[in-house]
1. What Kirkwood hydrodynamic radius, in Å, does segment A:25-335 give when the mean of 1/r is taken over all pairs of distinct Cα atoms and then inverted?
2. Considering every residue in A:47-55, what mean count of other chain Cβ atoms within 10 Å of its Cβ is obtained?
3. Ignore the peptide's own chain and count Cβ atoms of other chains within 10 Å of each Cβ in A:323-335; give me the average, rounded.
4. What percent of all Cα-Cα pairs in segment A:177-274 falls into each 10 Å bin, going from 0 up to the bin containing the maximum distance?
5. Quick one: Debye curve from the alpha-carbon atoms of the protein assembly as shown only, equal weights, vacuum; give me log10 I(q)/I(0) at q = 0.07, 0.09, 0.10 Å⁻¹ to two decimals.
6. Of the peptides B:28-34, A:130-136, B:74-80, how do they stack up when ordered by the mean number of other Cβ atoms within 10 Å, highest first?
7. Which order do the peptides A:297-309, B:271-283 take when ranked by the mean count of other beta-carbon atoms within 10 Å per residue, highest first?
8. Assuming 1.306 mPa s and 10 °C, estimate D for chain B with Stokes-Einstein, Rh taken as the Kirkwood radius over Cα pairs, in µm²/s.
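Since every read-out is calculated from the coordinates, none of them should be taken as a lab result. Bear in mind that the values here come from a model prediction, so they are computed numbers and not experimental data. When we count neighbours, we look across all protein chains shown, and the Cβ atoms used for this are built from the backbone with ideal geometry, even at glycine.
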Amino acid sequence: MSELAGNRAQKAARLTLGLLLLGLALAVIAMLSLATGARAIPLENVWTALVAFDPNATEHRIIWDLRMPRTVVGLMVGAALGLAGAVLQGATRNPLADPSILGIHAGAALAVVLGVAVLGMTQLSTYAWMAFAGAGAAMLVVYSVASLGREGATPVKLALAGAAITAVLHSIINAILLTSPRTLDEIRFWQVGSLSGRSMDIALQVAPFLAVGMILALGTARLLDGLSMGDDVARALGQRIGLSRGMAGLAAVILAGASTAAAGPIAFVGLTVPHVARAITGPGYRWILPYSMLLAPILLLGADVLGRVIAPPGEVQVGIVTAFLGAPFFIALVRRRKLAAL
Amino acid sequence: MSVVSDASRIIAVRHSAATRRRNVLLGLALALLAAFALALYLGDYPVPASGIVQSLLSPVTGLADRSVDFIVLQVRLPRAILAVLSGASFALAGIIFQTLLRNPLASPDIIGVAHGASAAAVFCIIILGWSGLAVSFGAFGGAVLTALAIYFLAWRNGVTAFRVVLIGIGMAAMLAAVISYLFTRARLNEVQQAMAWLVGSLNAARPGDSIVLAGAMLVLIPLMIGLVRALDAMELGDDTARALGAPVELTRLGLMLVAVGFAAFATAAVGPVGFVAFVSGPLARSLLKGAGRGFAQAALVGALVMLVSDLLAQHLLPTVQLPVGVVTGACGALFLLWLLMASGRSGRVN
């Protein structure tokens with residue numbers, strides 16, 4: 001018994017150390033994100049800009065006015081996507097759950113298109129709210145459509161319902177975009193998912209939502225562990241299944257909606273990161289959730305930095321880079337034998 | 001005694017199934033004929049029914065009225081024929097995929113084949129500056145390459161429906177990212193041109209499109225019939241089929257290629273018109289109520305859906321001609337909800 005407790009303490013110590021290392025890696029990536037771009041800035045100058053800001057130095061201005069908001073939004077969105085993916089996968093007991101697969105992004109896109117085309121919105125900060133509402137509505141529809149039927153929301157049914165609803169929403173989006181060139185022009189830059197041109201205002205605007213969502217999500221760890229034993233066992237242990245799922249779903253929608261509002265639809269981060277986290281920590285959402293929360297911004301900021309340097313003088317939007325990093329990972333995952341075992 | 005009565009009952013059931021198949025086929029054919037006549041009749045330029053008949057017969061009779069002949073033979077007829085052919089092709093592609101993957105949601109417009117065609121076409125329009133027939137070639141290539149990629153990525157000691165569907169969805173997401181990226185790299189008018197292609201439309205129907213598509217169908221349909229015979233064994237499940245000596249993988253690959261051919265040729269002709277492939281098979285089967293697999297019926301349903309959707313798209317709004325893809329998309333949404341609610345009652349999705 002004491003040996004077991006000792007093992008557990010050892011594991012906890014190891015995983016805590018891992019978390020610290022990830023935090024360190026994240027700090028390094030964030031520094032790189034401040035240093036990289038059309039004008040490369042040496043790391044020591046980045047450091048001076050952070051500790052001793054000089055408003056007359058051009059490099060300092062670039063860092064504080066352009067790259068700092070971008071990096072902050074990247075950190076927030078990354079953490080939100082990672083957590084949202086992990087919570088969705090846990091709550092649905094589905095290894096393929098992800099905001100883009102489940103149609104959340106298409107819902108946000110339709111809402112934004114409507115906002116631009118019908119309500120005449122032109123500011124990123126105003127149509128962020130539309131994205132938020134659309135994401136929530138789409139998630140609700142997809143999940144309720146998929147849980148019809150006796151066996152409930154199985155992985156294939158959820159994925160297909162998500163894909164089908166996405167296709168439906170896109171055909172409506174297309175109809176609007178065809179008749180309104182102005183909307184098309186506005187939307188095509190939002191649609192890819194990008195961190196560039198984000199101001200500190202946007203970060204401040206979505207920060208309260210992300211904070212609430214993160215607290216809620218981290219609070220569901222115990223509930224998700226219960227759900228992972230199967231509904232019957234969880235119920236026998238006295239857990240309220242519906243309430244747990246509802247709380248986890250709410251956390252996921254807040255996180256995914258807020259991140260889509262801030263950066264547009266970014267695919268595959270929420271899908272891939274929880275699997276990496278699970279591979280490191282083993283089962284148990286008490287560890288999977290914080291690991292996902294740190295790993296995802298590393299991936300997102302890393303992809304953003306990569307996107308800034310691979311196609312000079314322009315840059316490739318982060319949503320494209322993550323799709324191209326994420327899709328092969330997804331396919332490899334599907335090819336693995338024990339997919340549905342979660 | 002009981003053996004005899006069982007046998008006669010089986011014969012009776014078979015007979016009633018055959019009757020139902022024939023009745024459904026006949027009903028659909030009549031509906032299609034009516035819609036076709038309506039497609040020739042309706043339009044901004046009023047032509048009386050007698051004028052349409054006369055114009056249709058003019059190659060034989062030699063009676064010509066140049067303006068009416070132009071409207072009927074050069075505008076409305078090619079459009080209606082292309083609608084019928086492309087609708088039937090999409091439907092056959094859809095029902096083959098749905099039958100092979102045993103899931104009504106697994107049609108080529110959802111599991112990535114249409115996305116491959118779209119990404120290739122957008123690449124041709126925006127990067128290569130192509131238009132017209134060249135874009136169709138590009139789309140064809142994109143559809144075939146994507147389908148092959150999905151198949152081979154899903155291969156692991158054989159192919160399971162589950163893996164094909166999910167890998168198709170993954171590919172679809174990646175190809176969607178390609179399209180979004182290309183959209184940010186182009187001028188607005190190129191993006192508009194690409195968007196118009198992506199929605200799919202019969203507005204620019206030319207006689208040549210129908211000839212290419214009809215030629216492809218003449219090759220693909222006999223191939224399909226041959227391969228579908230082998231399906232009968234496969235319906236019993238992979239192991240049983242293998243035990244009965246059916247070359248399961250080969251049949252499956254062949255049929256998938258045929259389905260991809262249908263989808264690719266139709267997409268090349270009219271663009272990736274959504275949901276026709278998706279709705280036709282399940283609609284035909286719900287009409288048949290279990291009496292047969294319904295390939296022919298599905299093809300007629302697809303043609304009918306396409307033709308009626310195009311009529312709605314042309315005449316629904318007085319001033320604007322909508323592309324047909326918008327109407328089929330909206331119909332698809334309603335159908336999807338119905339399908340999932342029906343499956344909710346019966347507890348399964350097929």
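1. Values: mean 1/r = 0.0505 Å⁻¹.
By the Kirkwood definition, the hydrodynamic radius is 19.8 Å.
2. Working: counts 0, 0, 0, 0, 0, 0, 0, 0, 0.
What the average comes to for A:47-55 is 0.
3. Numbers: counts 9, 4, 0, 4, 8, 3, 1, 7, 10, 2, 3, 12, 7.
The mean count of partner-chain Cβ atoms within 10 Å per residue comes to 5.
4. Calculated P(r), rounded to whole percents: 14, 33, 28, 16, 8, 1.
5. -0.52, -0.82, -0.98
6. Working: B:28-34: 15.1, A:130-136: 24.3, B:74-80: 19.1.
The most tightly packed comes first, giving A:130-136, B:74-80, B:28-34.
7. Details: A:297-309: 23.6, B:271-283: 28.8.
So the order, starting with the most tightly packed, is B:271-283, A:297-309.
8. Values: Rh = 21.5 Å.
For the chosen part, D equals 74 µm²/s.
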